[in-house]
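Here's the structure, in structure tokens; my notes come after.
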Amino acid sequence: MDNRRQEWLDAIAAAGDEAELRRIDHGLLGKQGVVQELVRGVSSLPAAERPAAGKAANQLKLELQAALDARRAHLQAESLTRELAAPDFDPTEPGPALTQGTLHPITAVQNELVELFTSLGFTWQDGPEIESEHYNFEALNIPADHPARDVQDTFWLQDGTLLRTHTSPVQVRTMRRFRPPLRVIVPGRCFRQETVDASHEHTFFQMEGLVVDRAVSTANLIHTMKTCLRVILRREDLEVRLRPGFFPFVEPGFELDVRCLLCGGAGCKVCKQSGWIEILPCGMVHPNVLRAGGIDPEEYTGFAFGMGLQRVTMLRYGIPDIRYFMGGDLRFLRQFVEV
Ligand code: PHE
């Protein structure tokens, strides 16, 4: 074996380029290579000789591997030196361009909203995506047997926690952490077990808003919402209206609509001929929710809203199908390079 060992090492050292080295590597260490053959031969030796022979085969393998690696590194260094010395090498030539990603449209809209609300004195709060039943439902005035739980078809985990169905749990989390006056926004991912279609996704993004202070009124809510929609939809002439909406954690609760941006109210496909587009649920924080957060409802009032980020992004860019957002199609995503 010793003879052949030296032969092999010599062959490796003499390999003139990487292709030749690969062929040698294959012949020596490949599945059908000579080293495998040696290893296989070990088992047919008398028992007493096997350990030593096995060890020798292993050592040989390591030695050949090391020699191959060393020769490869040497050849690579050599070819680089050759390239650098070539007369047509131009060190000032730009390297290959890195492909640059773009912000996801939801992230872009979220960033704009965060910027706007921070300029209005709001701070950004975060909460867990895996949430307790308490914060997701009970603390929000939705007891176990309440039918409002049914409209938020929930992914439950085995330990009794759940994937939050909205960003509202962070309302009470925030109240328990800080004292009023509060002005917070909570952008975040939420989950519901939805049948996915053009306007429903199991994973979606909301931005919660919460204001708690002395003498906060519905007028403050409307003003804040109008300011926000004007900026995000880039329209000065927005008209909004409130309709009653039921959410157990607000009282009164509203659905806020904007006059259809496309037809101006005459009726079209986007507004389903109604002239209005339902854009965000909101309302005055329910006294029970303030209490759950340790705030005295006699002293403080507040408003809250839950903006669907996909929805505003769709309106803003005229995107017809919610499934594009998470479909991973780069042709879709690359259209939003403005940010
Ligand atoms: N959390 C509610 C939902 O996801 C929306 C909402 C938020 C309503 C705040 C009122 C106030 O359906």
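Residues being within 16 Å of the ligand (Cβ to nearest atom), within 27 Å of Y300 (Cα to Cα), under 24 Å from the mean Cα position of the chain (by Cα) and part of a helix (DSSP H, G or I) are represented in region 103-117 by at least one member. Applying the condition of being under 12 Å from G306 (Cα atoms) and small (G, A, S) to region 186-227 and asking which residue is farthest from the ligand (Cβ to nearest atom) yields G188. Here G265 meets the list (1) assigned to a strand (DSSP E or B); (2) modelled with pLDDT under 90 almost entirely, failing just condition (1).
Within region 1-30, if we keep just the residues that are in a helix (DSSP H, G or I) and acidic (D, E), the residue that is surrounded by the fewest Cβ atoms within 10 Å (Cβ to Cβ) turns out to be D2. Would you confirm whether or not region 253-260 contains a residue that is farther than 27 Å from L182 by Cα and either at pLDDT below 95 or more than 16 Å from the ligand (Cβ to nearest atom) (or both)? So far as region 253-260 goes, yes, one or more of its residues are farther than 27 Å from L182 by Cα and either at pLDDT below 95 or more than 16 Å from the ligand (Cβ to nearest atom) (or both). For M284, indicate whether it is assigned to a strand (DSSP E or B), surrounded by 15 or more Cβ atoms within 10 Å (Cβ to Cβ) and not basic (K, R). The answer is yes for M284.
So is H104 touching a residue at least 40 places away in the same chain (Cβ under 8 Å) and either surrounded by fewer than 19 Cβ atoms within 10 Å (Cβ to Cβ) or farther than 20 Å from V285 by Cα (or both) or not? Here the answer is yes, as H104 does meet what is asked. Checking F89, F137 one by one, the residue that is aromatic (F, W, Y) and surrounded by 11 or more Cβ atoms within 10 Å (Cβ to Cβ) is F137 and no other. Name the residue, out of T167, T161, that is within 16 Å of the ligand (Cβ to nearest atom) and assigned by TED's automatic domain parsing to the domain that holds D213. Of T167, T161, the one residue that is within 16 Å of the ligand (Cβ to nearest atom) and assigned by TED's automatic domain parsing to the domain that holds D213 is T167. Of the residues making up region 266-293, those that are more than 16 Å from the ligand (Cβ to nearest atom) and either touching a helix residue (DSSP H, G or I) at 6+ places or on another chain (Cβ under 6 Å) or farther than 14 Å from Q171 by Cβ (or both) number 12.
The values are calculated or read from the model by the stated rules, or taken from the named source; none is laboratory data. Just so you know, these numbers come straight off a predicted model, no measurement behind them. Virtual Cβ from ideal backbone geometry, glycine too; neighbours counted across all protein chains shown.
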